[in-house]
Amino acid sequence: MLGCCQRCYTDRVSGRPGPALIAALIAVPIALAGRSAGAAPRRTDPPRVELLTMGRGDHPYARFGHAALRVRQAHRDRVYNYGYTDFTNPRLIDDFLRGRALFWVARFSFASTLRHYRGEGRALFRQALALDEQRHRRLAALLRRNLRPDRRNYTYHHYFDNCTTRLRDLIDRTVDGELKRQLVGRDAGTTLRRLTREGFAGRLDLLLATELLLGRMIDRPLDQWAAAFLPERLAASLQRVDLDGRPLASPPQQLLPAGPQGPTSGDPRAGVKVIWAVALILGIFSLLGVMALRRQQRWSGLTLILPALVIGGCATLVWSLALLSELPELRENELLLLLWPTDWLLIVPALRWLRGRFTAGRLLRGYLGARTAVILLVGVGHLCGLLVQQPRVWVVVVLPLVVFWLALRRHHCA
């Protein structure tokens, strides 16, 4: 038996390898090569990355829409979403206003993402990115790497570092900066204030907060790179960027329709119109107050209390946020020049007038004179372009203080 086995592999006479051994030496490499070739498609199956754009929702954090990146590969279909935080955190609003809100990226299946946005009644669109295989792999690798605990978190900023700008920057890195090169300097034809108004349309409280609390920074003209902080703007910009002779992204394909519980529509300038109405009311009251003061009628005090309450209350909000926040759009507010918290003190002479004591000493006249000088300087600043913050109706809101100053100069109270 042993001799027979040996003969299968060697020739007893010559000692050379037998036919069976030669066949085995040839067959084994071929079999291994065939096995390797058959497994190659499974190991090198390239990922395909798509941009997902979600429609707007009714909740304040969803008023501007949302975006995520979808990675499709073999049997995996995953979505990378940078819009997650602890919404149950009682300090979230305070952290947001101070510029310290912590957000992170999370990964979910595409099926669960569809269920979530279908349940919210929000539209969902997909756009294929026109990348070669190597760039698809690079972008997918960057997304996986950002899931690591030391890379997943970031400090959220609504305009400059949010769930959409993170995707924009990743895509730009993947295409070696070509996205930024083609978008920077291209006029977007809008400002951050206009885009914010459009997002908050239908919510008067948020529109009024926009006009009062957000400063000059959001009134500067935007280029298309900065405007791509909004999901719908990013989706449109990707179609205008040329990469290797073709658009960087395909036209949006709708996957989910918008439901009936979407955001309510409204006038984006409703906040400005309310401020104009307030300015008109304060102006009428100040004129009536001056007439009553000339006749030394007690109710003239009421007409001074109203501007003191309105202007002083708005000033307290603006100055508090400017002092406490680290966000430039809250700190660099030109309304700090127009709205002074010290206007609350005007209630003191108003109460004296209500009691029939029509006095207006040097302190009151001097204070109103200083307020008048600053108001006029602000008006000149707007005329010469040094001051740019909108809406300019705030200059009209504080004009009643000028009216009272002029009245007290001409008609000295006893």
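Each label point was placed 7 Å from the Cα along the Cα-to-Cβ direction; for residue 383 and residue 267 their separation is 2.9 nm. Of the GluC sites (Glu not before Pro) found in segment 271-369, those in coil by DSSP whose Cβ has at most 14 other Cβ atoms within 10 Å are 326. Normalising by residue count, segment 247-348 has a Cα convex hull of 205 Å³ per residue. For the chain, modelled as a GNM whose springs connect Cα atoms under 10 angstrom apart, the maximal fluctuation among 88, 191, 210 occurs at 88.
Sites listed here are chymotrypsin sites (Phe, Trp or Tyr not before Pro) in segment 134-213 whose DSSP assignment is loop and whose Cβ has at most 15 other Cβ atoms within 10 Å: 160.
Looking at (i) 71, 19, 18; (ii) 42, 23, 20; (iii) 29, 28, 18, which value of semi-axes √(5λ) of the Cα gyration tensor in Å comes from a calculation on the structure shown? Calculated semi-axes √(5λ) of the Cα gyration tensor in Å: the matching label is (i). The loop-placed chymotrypsin sites (Phe, Trp or Tyr not before Pro) in segment 74-126, going by DSSP, that have at most 11 neighbouring Cβ atoms within 10 Å of their Cβ come out as 87. For 93, 218, the ranking by accessible surface with the largest value first comes to 93, 218, using a 1.4 Å probe. Based on C-alpha pairs under 8 angstrom that are at least 6 apart in sequence, segment 169-309 has a relative contact order of 24 percent.
Taking the C-alpha atoms only, the angle from helix 204-213 to the longest principal axis of the chain is near 80 degrees. At a Förster distance of 30 Å, what's the computed FRET efficiency of residue 187 paired with residue 58, Cβ-Cβ distance as r, to 0.05? About 0.45, to the nearest 0.05. With contacts taken as Cα pairs under 8 Å at a separation of at least 6 residues, the chain carries a relative contact order of 15 percent. The Cα center of segment 206-281 and the Cα center of segment 102-124 differ in position by 21 Å. A crude spin-label estimate for the pair residue 141 and residue 365, with each label 7 Å from Cα along the Cβ direction, gives 7.9 nm. Each residue of segment 67-77 was assigned a 3J(HN,Hα) from its phi angle through the Karplus curve 6.51 cos²θ - 1.76 cosθ + 1.60 (θ = phi - 60°); the sequence is 8, 7, 10, 10, 10, 10, 7, 6, 9, 9, 9 Hz, with glycine and proline shown as x.
Relative to the longest principal axis of the Cα atoms of the chain, the long axis of helix 399-410 lies at roughly 20 degrees.
The values are calculated or read from the model by the stated rules, or taken from the named source; none is laboratory data. None of these values were measured; they are calculated from a predicted model. Backbone-built Cβ (ideal geometry, glycine too); neighbour counts: all protein chains shown. Only protein heavy atoms, including side chains, enter the accessible area calculation; ligands, DNA and RNA are left aside. Shrake-Rupley method; radii C 1.70, N 1.55, O 1.52, S 1.80 Å.
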